[in-house]
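Everything on this sheet refers to the single structure shown next.
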Amino acid sequence: MNRVLRPAAALVKLRTPKYIIQTSVRKFSESSAFAMPAYKGGCYCGELKYTVDISPDDARTSLCHCKNCKKFFGTAFGLTTKVPISSFSYTSDSKKPTIHEADNGSGTMLHREFCPTCGSGILEVGEPAMKDFRYIMTGTLDHPGDLPPKGEFFCRRREKWMPEVPGIFHKQEIKE
């Protein structure tokens, strides 16, 4: 098993007035030195599981206030994490997802995958982004707080009672 180790420096006083730096190591990853962190997730019943190998800097978690997301998520907004398609994979012991495709209301085909047993939505992607990205339902990550929001979309449709999320970007509309 390869381990990527990150040193944590500590000063150790010698008997003479000189110091040396002594390092300890902390396990960072189970794979090679250049591997990305692995994020795991799955559906409510546990029959559909996935892994995402990505740097947190390359993942984009966003709130979406469009009508389509509100209807699908059953809440005031959708919360998804955009990842490159190459970073996402279902685990080998996972069931196959059920797929639903339909017009998202603006003329773009929207592809959604969900668990055939419990119905949990796992991911979605619009036709323009299909070859490159997947939008994971952030709540299906085992630790969704590890990838906090970086932006809000369709802000003009945000519910009036909901405040703007501070410290992230805000777009009134998108075309993805």
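Laboratory data are not the source of any read-out in this text; all were calculated from the coordinates shown. Every value quoted in this text rests on a predicted model; they were computed, and no experiment measured them. Reconstructed Cβ throughout: ideal geometry from the backbone, glycine too, with neighbour counts over all protein chains shown.
Key figures
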quantity: Flag for residue 133 being buried (at least 17 other Cβ atoms within 10 Å of the Cβ), within 20 Å of the chain's Cα centre (by Cα), within 23 Å of residue 57 (Cβ to Cβ) and in contact (Cβ under 8 Å) with a residue 12 or more places away in the chain; calculated: yes
quantity: In region 162-172, residue surrounded by the fewest Cβ atoms within 10 Å (Cβ to Cβ) [restricted to those that are touching a residue at least 12 places away in the same chain (Cβ under 8 Å) and either farther than 30 Å from residue 50 by Cα or touching a helix residue (DSSP H, G or I) at 6+ places or on another chain (Cβ under 6 Å) (or both)]; calculated: 164
quantity: Count of region 117-176 residues which are closer than 16 Å to residue 84 by Cα, touching a His at 6+ places or on another chain (Cβ under 7 Å) and not in a strand (DSSP E or B); calculated: 1
quantity: In region 136-161, residue farthest from residue 107 (Cα to Cα) [restricted to those that are small (Gly, Ala, Ser) and surrounded by 14 or more Cβ atoms within 10 Å (Cβ to Cβ)]; calculated: 139
quantity: Selection count where residues are farther than 24 Å from residue 116 by Cβ and either without any contact (Cβ under 8 Å) to a residue 12 or more places away in the chain or in a strand (DSSP E or B) (or both), scope region 71-94; calculated: 3
quantity: Filtered residue count, region 38-64, keeping only those that are in contact (Cβ under 8 Å) with a residue 60 or more places away in the chain and surrounded by fewer than 20 Cβ atoms within 10 Å (Cβ to Cβ); calculated: 6
